[in-house]
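J.: Handing you a structure now.
The values are calculated or read from the model by the stated rules, or taken from the named source; none is laboratory data. This one's a predicted model, so the numbers in the text were calculated from it and none came from an experiment. Counting neighbours? That spans all protein chains shown, and the Cβs are built from the backbone with ideal geometry, glycine included. In case anyone asks, the SASA skips ligands and DNA or RNA and just uses the protein heavy atoms, side chains included. Shrake-Rupley method; radii C 1.70, N 1.55, O 1.52, S 1.80 Å.
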Amino acid sequence: MSSITNTEDKNEDKANNNTSAKVEPISSNKELNNKLKNRLRSYIKKLEETNAVTTKEESDKIEIETFKQLYKPKLEGNQETYKKIPKFYFKLPRSDEVLAQKLREETRAQFLQKKSKELLDNSELKHLWSLLEKSSGNQSPSNNNDELTIDYLQFKKIRDDAGPKYRPYFTAEVFGRLQAAEGGVGKVRGVSLFNYVMRRVWLQQTRIGLSLYDVTGQGYLTEHDLESYIAELVPSLAALDGLDSSFSSFYVCTAARKFLFFLDPLRVGRVRIRDVLSCSFLDDLLELREEDLPMELQEQNWFSAASALRVYGQYLNLDRDHNGMLSINELAGYGSGTLTRAFLQRVFQQCLTYDGEMDYKTYLDLVLALENRKQPAALAYLFRVLDINSQGYLDAFTLNYFFKAIQEQMVAHGAEPVNFDDVKDEIFDMIRPEHPARITLQDLIRSGHGHTAVSILLELHGFWAYENREALAAAGDHST
């Protein structure tokens, strides 16, 4: 029996040898790894057998060092190391590295100066306009300049005649977008092309100007950077000529706060220069360069002296004890005086206060939120206040918590309270949230009625306006 077993074992070994001979050779990388592992294991085993390794720490150290020596990938006979990877990250200089800071500042200044020289100046813009008029010479001279049109061949000819400095503004993509905006007729109006070039030059100039205040050179502006930029811009704004010097610092604070409120949703204390350029706030601010700007437009412009004085004047009127801060009782007089106590308490819990009182910057954030309730940034601010449990949504309990304060105000004014269930159903029907019992910030924004929903919960005046919306709409129709 034993001999039979031995014979079977030999036959099995022979079969295994034959089978392994037929197997395709393994990849070189895998074979190399196996060889390295075997050598490493044998080396460690030998050390253990000779008692050369006395502790686990020493054993681990020897294993790592041995592995590093054995496993060094090679490329064309040269050892490949991480030192050959180009450096792509450079730390900002520390405050004590004066020379490095000066070098960085000088380098940035040279770069911005170079970029500034690449822009078209006034004489070059005039030259461009003359080329546009010349290219449209086949049209009647009596035509209005707004009606001058050019096709793509004329577009390329202007580019070639103008010179290399104009080339970035004369690409096929630019022509395609302009003619698509005008109905895709294969031509573009000369004034549209000229306005595009003017707008792009202005944006580049403004970006360079803002970058001068970017201390770190990372493409961001802090609140201090924004205030410095606006403070130096004020003398060039004709509509602010009569601004009192004692109010200047408050004006700068008021103007800068709007940028931060809408462009810094995470409240990290800085805004991207790219976002500043893409929003309309700079246009509103630079609109004040006009000397004869109508008062109606000034009152609608947050950056005007009239608007800034209005907001600051309200703050001073609310500050009854004249300590420069607002308590919750003082803030209760804001607007129509119908902001609920529950809402005001949540504002003071959620926002930064000093010994239980609010400073001017925190007050500005509240004003911007209440005056721009249709904007996503304002809804986000108000949603954080309403979300009493920080759960990311508003449920029936939360709505009832705030609406109880509305009912209390109604009783105080001699009105009959409204049933909460009816109001709750109207709010959910208005917002139509994805979850049948939860309203998220995204639901408020997506519905287009978020400003109405939050107004119902914040103040009696907002609820009254919603309840009487049909009567108010009819009165508006009769007045027109």
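J.: Does any residue in region 261-272 that is over 16 Å from GLN375 (Cβ atoms) come within less than 7 Å, Cβ to Cβ, of a residue that is surrounded by 12 or more Cβ atoms within 10 Å (Cβ to Cβ) six or more places away or on a different chain, and which pairs are these?
T.: GLY269/THR222; GLY269/GLU223; ARG270/TYR220; ARG270/LEU221; ARG270/THR222; ARG270/ASP264; ARG272/GLY219; ARG272/TYR220
J.: Could you please give the count of residues in region 434-480 that are modelled with pLDDT under 85 and in contact with an Asp or Glu (Cβ under 7 Å, 6 or more places away or on another chain)?
T.: 0
J.: To continue, here is another question. Of these, GLU299, GLU287, GLU330, which one is assigned to a helix (DSSP H, G or I) and open to solvent by less than 20 Å² (accessible area, probe 1.4 Å)?
T.: GLU330 is the lone residue from the list that is assigned to a helix (DSSP H, G or I) and open to solvent by less than 20 Å² (accessible area, probe 1.4 Å).
J.: Continuing with the same structure: What number goes with the only condition from (1) in a helix (DSSP H, G or I); (2) over 14 Å from the mean Cα position of the chain (by Cα) that LEU260 does not pass?
T.: (2)
J.: Could you tell me which numbered condition SER336 fails, if it satisfies all but one of (1) touching a residue at least 40 places away in the same chain (Cβ under 8 Å); (2) open to solvent by 20 Å² or more (accessible area, probe 1.4 Å); (3) within 25 Å of the chain's Cα centre (by Cα)?
T.: Evaluating SER336 over (1) touching a residue at least 40 places away in the same chain (Cβ under 8 Å); (2) open to solvent by 20 Å² or more (accessible area, probe 1.4 Å); (3) within 25 Å of the chain's Cα centre (by Cα) leaves (3) as the failure.
J.: Could you grab me the full set of residues in region 184-200 that are open to solvent by 50 Å² or more (accessible area, probe 1.4 Å), in a strand (DSSP E or B) and without any contact (Cβ under 8 Å) to a residue 40 or more places away in the chain?
T.: Of everything in region 184-200, just one residue is open to solvent by 50 Å² or more (accessible area, probe 1.4 Å), in a strand (DSSP E or B) and without any contact (Cβ under 8 Å) to a residue 40 or more places away in the chain, namely LYS187.
J.: Looking at region 396-408, is at least one residue open to solvent by less than 20 Å² (accessible area, probe 1.4 Å) and hydroxyl-bearing (Ser, Thr, Tyr)?
T.: yes
J.: Still on this structure, I have one more. In region 90-134, how many are more than 14 Å from VAL197 (Cα to Cα), touching a residue at least 12 places away in the same chain (Cβ under 8 Å) and not in a helix (DSSP H, G or I)?
T.: Residues in region 90-134 being more than 14 Å from VAL197 (Cα to Cα), touching a residue at least 12 places away in the same chain (Cβ under 8 Å) and not in a helix (DSSP H, G or I): 1 in total.
J.: Could I ask something else about it? Give the residues of region 201-224 that are in contact with a strand residue (DSSP E or B) (Cβ under 8 Å, 6 or more places away or on another chain), open to solvent by less than 20 Å² (accessible area, probe 1.4 Å) and assigned to a helix (DSSP H, G or I), sorted by residue number.
T.: Selection gives LEU210 alone.
J.: Give the number of residues within region 83-109 that are within 16 Å of TYR213 (Cα to Cα) and more than 28 Å from the chain's Cα centre (by Cα).
T.: Here the count works out to 2.
J.: On to the next question. Mind checking which residues of region 302-314 are assigned to a helix (DSSP H, G or I) and open to solvent by 10 Å² or more (accessible area, probe 1.4 Å)?
T.: ALA305, ALA306, LEU309, ARG310, TYR312, GLY313, GLN314
J.: Based on what the data block shows, is SER236 out of contact with any Gly (no Cβ under 9 Å at 6 or more places or on another chain), modelled with pLDDT under 95 and under 20 Å from ASP365 (Cα atoms)?
T.: Against the criterion (out of contact with any Gly (no Cβ under 9 Å at 6 or more places or on another chain), modelled with pLDDT under 95 and under 20 Å from ASP365 (Cα atoms)), SER236 does not qualify.
J.: Regarding LEU318, is this residue open to solvent by less than 10 Å² (accessible area, probe 1.4 Å), at pLDDT 95 or above and among the aliphatic types (A, V, I, L, M)?
T.: In short, no.
J.: Which residues, taken from region 409-423, are of a type in the set (A, V, I, L, M, F, W, C), under 20 Å from GLY337 (Cα atoms) and either in a helix (DSSP H, G or I) or open to solvent by 60 Å² or more (accessible area, probe 1.4 Å) (or both)?
T.: Once the filter is applied, which keeps residues that are of a type in the set (A, V, I, L, M, F, W, C), under 20 Å from GLY337 (Cα atoms) and either in a helix (DSSP H, G or I) or open to solvent by 60 Å² or more (accessible area, probe 1.4 Å) (or both), region 409-423 yields MET410, VAL411, ALA412.
J.: From the set of residues in region 444-454 that are assigned to a helix (DSSP H, G or I) and without any contact (Cβ under 8 Å) to a residue 40 or more places away in the chain, which is least open to solvent (accessible area, probe 1.4 Å)?
T.: ALA453
J.: Pull up region 163-181, narrow it to residues that are surrounded by fewer than 17 Cβ atoms within 10 Å (Cβ to Cβ) and aliphatic (A, V, I, L, M), then point me to the one that is farthest from LEU203 (Cα to Cα).
T.: Checking each candidate, the answer is ALA180.
J.: Would you confirm whether or not region 345-366 contains a residue that is closer than 27 Å to ASP244 by Cα, in contact with a Cys (Cβ under 6 Å, 6 or more places away or on another chain) and open to solvent by less than 30 Å² (accessible area, probe 1.4 Å)?
T.: Scanning region 345-366, I find at least one residue that is closer than 27 Å to ASP244 by Cα, in contact with a Cys (Cβ under 6 Å, 6 or more places away or on another chain) and open to solvent by less than 30 Å² (accessible area, probe 1.4 Å), so the answer is yes.
J.: Would you be able to tell me the number of residues in region 382-395 that are of a type outside the set (Asp, Glu), free of Cβ contacts under 8 Å to residues at least 60 places away in the same chain and open to solvent by less than 20 Å² (accessible area, probe 1.4 Å)?
T.: Going through region 382-395 one residue at a time, the tally reaches 2.
J.: Of the numbered conditions (1) surrounded by 15 or more Cβ atoms within 10 Å (Cβ to Cβ); (2) in contact (Cβ under 8 Å) with a residue 60 or more places away in the chain, PHE247 satisfies every one except a single condition; which is it?
T.: Checking PHE247 against (1) surrounded by 15 or more Cβ atoms within 10 Å (Cβ to Cβ); (2) in contact (Cβ under 8 Å) with a residue 60 or more places away in the chain, the one that fails is (1).
J.: Quick one: LYS374 ticks every box in (1) in a helix (DSSP H, G or I); (2) open to solvent by 40 Å² or more (accessible area, probe 1.4 Å) except a single one, so which number is it?
T.: (1)
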